[in-house]
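Comments concern the structure below.
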Amino acid sequence: MLTLPKDFETYDEKRRNAFLALYEEKKKGKKVVGTFCSYTPTELIHAVGAIPVGLCGNSEQGIMEAETRLPKTLCPLIKSSYGLAMTEQCPFFYFSDGVLAETTCDGKKKMYELLGEIKPVHVMKLPQGKDHALALESWTEEIRLTASFLEKLFGVRITEEKLHDAIVYRNRVRKALIGLYEVAKVKPSPVSGYELTTVSESADFHFTDDSLIEKLEAKTREFRSRIREGAENRPRVLVTGCPNTGVREKLIRRLEDLGADYVCSDHCAGPRTLRFMVDEEKDPYEALAERYLKINCSVMSPNEGRFDDLKHLVSEYQVDGVLEIVLQGCHTFAVEAYHTWRTINEQLGLPYLRVDTDFSRSDGGQIETRLGAFIEMMTN
Ligand code: BJ8
């Protein structure tokens, strides 16, 4: 069974505390901008003096209400995000003065049209492939248009200096987060992946910039100094596929409870994306466009880079098997899963498990049986 420190604060507790912290910032007159995706250049939000907050839904809350307007078969992340917004159940959305969104998957971009009836929503036209001759040019232009949207929304000018400071700050946060994730490269890992990612993924709940980097570095040192008895024989798992915050308990925690270690998060906010820094020397808009267009998400076609990254991560983190999470209705990750299987199973000869699921608890028993068999495959 996974043992956690006595003062361990769960992701949901951290999120709830963040609502109160954000409320305090709002009372001081701070502006807030909601985001949904790793393609959002949060540097622009910092440069305009506002706080970026993630709005992706990660529980069943709001889904029933959303299904009165959205198809039942849609991805749970989209349904819960919209349901929480339309019913004013998400304080992050409630406090947002505006929202930055992107044309990623079809479900999200159509949902943004409805969201735009509630708050000012700016949708960035993300190119659907990064190798097209005009992709970088058009994405740079989209980033400039987004800056104008924020300037107009808040009546503030984004100076080159403010944008440069924001770029430097976000690069430092990325480096601190990479340092944290890399603790799990140690074999055996001194910390459970469930605990480590609770800290890394809660970095978004820190709204007063100054101390975040120090806190992440202190946590990294603390994790590195730990010794975990009996961890040598636990198989090491990389988790890939759709964002997994909404299935942390039934998949990630269960996986570790059953005897494996979650050592690497191959999702869009994990190490494979964090390693891309924004060039601090060149034109800030071009530098932002270059950095964000490098992200290897399944909404891109083709998306070969994701599988090159996957192979590197498997070797760097000494992984014994790969678990892929596909959220119901997510066509891009579902189709790419065949490619993941080929890479992991055929090319690298490692066990691969794909789990299709949603945010409900109804498939918990079935998932547990499959995770048990997967762990057995890795240990034999
Ligand atoms: S960069 S992963 S945050 S698009 S799971 S809503 S794709 S149907 S979340 Fe994503 Fe940006 Fe990519 Fe990351 Fe659609 Fe799929 Fe649902 Fe998804």
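The table for this structure:
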{"item": "The one condition in (1) open to solvent by 30 Å² or more (accessible area, probe 1.4 Å); (2) in contact (Cβ under 8 Å) with a residue 40 or more places away in the chain; (3) closer than 20 Å to LEU255 by Cβ; (4) of a type outside the set (Asp, Glu) that PRO302 fails to fulfil", "result": "(3)"}
{"item": "Candidate set from the stretch 229-251 (those that are farther than 27 Å from LYS294 by Cα and not in a loop (DSSP other than H, G, I, E, B)); member that is most open to solvent (accessible area, probe 1.4 Å)", "result": "GLU249"}
{"item": "Some residue of the stretch 297-310 being over 20 Å from SER192 (Cβ atoms), within 10 Å of the ligand (Cβ to nearest atom) and under 14 Å from the mean Cα position of the chain (by Cα)", "result": "yes"}
{"item": "Restricting the stretch 72-87 to residues that are open to solvent by 20 Å² or more (accessible area, probe 1.4 Å) and under 16 Å from HIS331 (Cβ atoms), the residue that is farthest from the ligand (Cβ to nearest atom)", "result": "LYS72"}
{"item": "In the stretch 164-215, residue least open to solvent (accessible area, probe 1.4 Å) [restricted to those that are more than 14 Å from ASP261 (Cα to Cα) and part of a loop (DSSP other than H, G, I, E, B)]", "result": "PHE207"}
{"item": "Qualifying residues in the stretch 105-116 (those that are open to solvent by 20 Å² or more (accessible area, probe 1.4 Å) and within 15 Å of GLY34 (Cβ to Cβ)) - the one nearest to the ligand (Cβ to nearest atom)", "result": "LYS108"}
{"item": "Residue count for the stretch 267-292, restricted to those that are of a type in the set (A, V, I, L, M), open to solvent by less than 10 Å² (accessible area, probe 1.4 Å) and part of a helix (DSSP H, G or I)", "result": "3"}
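The values are calculated or read from the model by the stated rules, or taken from the named source; none is laboratory data. Bear in mind that the values here come from a model prediction, so they are computed numbers and not experimental data. Backbone-built Cβ (ideal geometry, glycine too); neighbour counts: all protein chains shown. Note: accessible area is taken over every heavy atom of the protein model, side chains too, but ligands, DNA and RNA are not part of it. Shrake-Rupley method; radii C 1.70, N 1.55, O 1.52, S 1.80 Å.
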